[in-house]
Amino acid sequence: MRATVQEALAALPLVDHHCHGVVTADLGRADFESLLTEGAAWPGISPFDTPVGVSVRRHCAPLLDLPRHAPADDYLARRTELGPREVNRRFLTAAGTDVFCVDTGYTPHPLTSPQELAEAAGGAAYEVVRLENVAEAVAAGGVEPDEYGAACRAAAEEAVRRPGVVAVKSVAAYRTGFDLDPARPAGEEVVEAARHWLPQGGRLTDPALVRHLLWTAVDLGLPLQLHTGFGDNDIRLHRVDPTHLTDWLHLTSGTIPVLLLHCWPYQRQAAYLAAVFEQVYLDVGLTLHHVGPARARAVLEEALEITPFRKLLYSSDAYGMAEFHLLGALAFRQGLGALLQARVAADELSRPDALRIAAWAGGDNARRLYGLPAPGPGPDPVPRQHRD
């Protein structure tokens, strides 16, 4: 009997084109709950009582040898008993992800390096350089305002020459939003903005200098990942609708791939941009493990309403908790598999086309964009047998 699309996706090695490392220390309840949410842990309200908290207890508990829906206390006790190394190994291998593109620019917790993440998962890892970190390091190192622009670009060029770097990322969404002047800032504009920012240093929030970073990314020539939509309460959500980037995308047409990350609740707007701009691609990472497998199909259906099939990528945006690597992969496989299988059943899509689309989104699109090697032959890893 031929495998269903869901079965094919369950066996497909994934390329996670945007994620972070996992915590290497033991996590107490407060620390674990803080990682469960993009918000805050409020008195009397547990992040376990959210869609993602329920998903952890439902889908992750069996990997810890617990029954589905195990109580939070039992879950955390078993996690502590196993220890972080074993917990991370179980979830990372069970995710069935072969390649990780790791954003190394956000480290409020001690995290695995890209290489450590890959070793725990039995895969390969590459680095994504966060441009705001580069700019802030230049400022912290001491530079004159009239030298800042060139120094920032030189530092970015040096950063992307590190072995294994495949892309850059900007968190302009957090710093200014996207309703910026789309034009490349003039040299004197950069100097004047640097004159105001450098004495205080810290987080880069000056609109002219953020624009300078976005145009520096264009000059670097690597794919640019942009956080859009859903994030913590630093975000002003109405300012991170990716359609604010329309004029900038016109100006940068024909230069670099632009990867719109996460997107929710703007997955339809991101789909529009992917449909009308050759250089635009998208994922719905982060969103999928927060809505859980039960709603992943609905989010993916909206993202794929008009998106060309070569424009959708998989990411987990997992940070800190290895559980999110598993949940992101599981939600993506189940959501996309159900969506494609339904279209095959309705004769809106042939089975070969559905399998091709699944392979593209699961890894081939990312391999093409980032210049990653093709997957090697070999048996499916044991972790694909999800203990349920």
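The values are calculated or read from the model by the stated rules, or taken from the named source; none is laboratory data. This is a predicted model, so every value here is computed, not measured. Every residue, glycine among them, receives a Cβ derived from its backbone with ideal geometry; neighbour counts consider all protein chains shown.
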Give Asp74, Asp98, Asp65 a once-over and let me know the one that is at pLDDT 95 or above, in the same structural domain as Leu222 (by TED's automatic domain parsing) and out of contact with any helix residue (DSSP H, G or I) (no Cβ under 6 Å at 6 or more places or on another chain). Asp98
Residue pairs meeting the criteria (Cβ under 6 Å; at least 6 apart or on separate chains; first in contact (Cβ under 8 Å) with a residue 12 or more places away in the chain, in region 179-194; second of a type in the set (A, V, I, L, M) and crowded, with 18+ Cβ neighbours inside 10 Å): Pro185/Ala208; Glu189/Ala208; Ala193/Ala208; Ala193/Leu209
Pairing a residue in region 146-173 that is in a loop (DSSP other than H, G, I, E, B) with any residue that is basic (Lys, Arg) and surrounded by 18 or more Cβ atoms within 10 Å (Cβ to Cβ), where Cβ atoms lie under 9 Å and the two sit 6 or more apart in sequence or on different chains, gives Val171/Arg130
Please specify each residue of region 145-173 satisfying the condition of being surrounded by fewer than 21 Cβ atoms within 10 Å (Cβ to Cβ) and either among the charged types (D, E, K, R) or at pLDDT below 95 (or both). Asp146, Glu147, Arg153, Glu157, Glu158, Arg161, Arg162
Could you tell me whether any residue of region 195-206 is under 24 Å from Gly285 (Cβ atoms), in the same structural domain as Cys152 (by TED's automatic domain parsing), touching a residue at least 40 places away in the same chain (Cβ under 8 Å) and assigned to a strand (DSSP E or B)? no
Considering only helices (runs of 4 or more DSSP H) fully contained in region 1-96, which possess at least 3 residues that are under 29 Å from Gln115 (Cβ atoms) and of a type outside the set (Ser, Thr, Tyr)? 29-36, 72-82, 84-94
Just for region 228-237: of the residues that are touching a residue at least 40 places away in the same chain (Cβ under 8 Å) and over 15 Å from Leu273 (Cβ atoms), which one is surrounded by the most Cβ atoms within 10 Å (Cβ to Cβ)? Phe230
Condition first: surrounded by 14 or more Cβ atoms within 10 Å (Cβ to Cβ), more than 30 Å from Tyr370 (Cα to Cα) and among the acidic types (Asp, Glu). Can you find one or more residues in region 32-42 that meet it? yes
